[in-house]
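Below you'll find the structure, written out as structure tokens, and then a few comments.
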Amino acid sequence: MSPGFAHAARRAGADVREQTELADLVFDGTRFQMRAGGERISADWLVNSAGAWANRIADSFGETVPMKPTYPNIWVTEPLPRFIGHSLGVVGGGIYTRQVERGNCVISVCGSSRCSAVQTGITMNGSITCTIAKIV
């Protein structure tokens, strides 16, 4: 969940648990019951914001979440020491990166071919994305 959304949700009274695995999820007809980390929780509402793990949560209730890749994929890092002095891109290559004044790197990759990063076991769309996965 983005820090801005998490902050707004907390201000509105939500109990936001980032980086916390949920287990034993059930709806008892009135409330959601679950274990978050080592703590038992009961709630009127459960917002599934698990991203790539959303189907694990949905499956607890016999549901599925439609998943498909969308473009462009954009990554934003935490603030880093300045090392990119200008915007970088590949004309027709579907990659763009820059570092903002605060230090965050913004990386956008858009591709149409399918490839597999065999070393990591990850299948991704776009050959540039796969090359990045192989390097990391």
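Do we find a residue being at pLDDT below 80, loosely packed, with under 12 Cβ neighbours inside 10 Å and under 30 Å from Phe32 (Cβ atoms) anywhere in the stretch 61-84?
Start the filter on the stretch 61-84 by keeping residues that are at pLDDT below 80, which leaves 68-73.
Applying the additional criterion that residues be loosely packed, with under 12 Cβ neighbours inside 10 Å yields 68, 70.
This time we only want the ones that are under 30 Å from Phe32 (Cβ atoms), so: 68, 70.
Yes, the stretch 61-84 has at least one match.
Residue-wise test of (1) closer than 23 Å to Ala6 by Cβ; (2) out of contact with any Phe, Trp or Tyr (no Cβ under 8 Å at 6 or more places or on another chain).
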| position | (1), (2) |
| --- | --- |
| Thr20 | yes, yes |
| Leu25 | yes, no |
| Ala54 | yes, yes |
| Pro66 | no, yes |
statement: Scanning the stretch 42-60 residue by residue, those in a loop (DSSP other than H, G, I, E, B) and either loosely packed, with under 13 Cβ neighbours inside 10 Å or charged (D, E, K, R) (or both) turn out to be Asp44, Trp45, Val47
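The values are calculated or read from the model by the stated rules, or taken from the named source; none is laboratory data. As the structure is a prediction and not an experimental result, all values here were calculated from the model. Because the Cβ atoms are built from the backbone with ideal geometry, glycine has one as well, and the counts that use them run over all protein chains shown.
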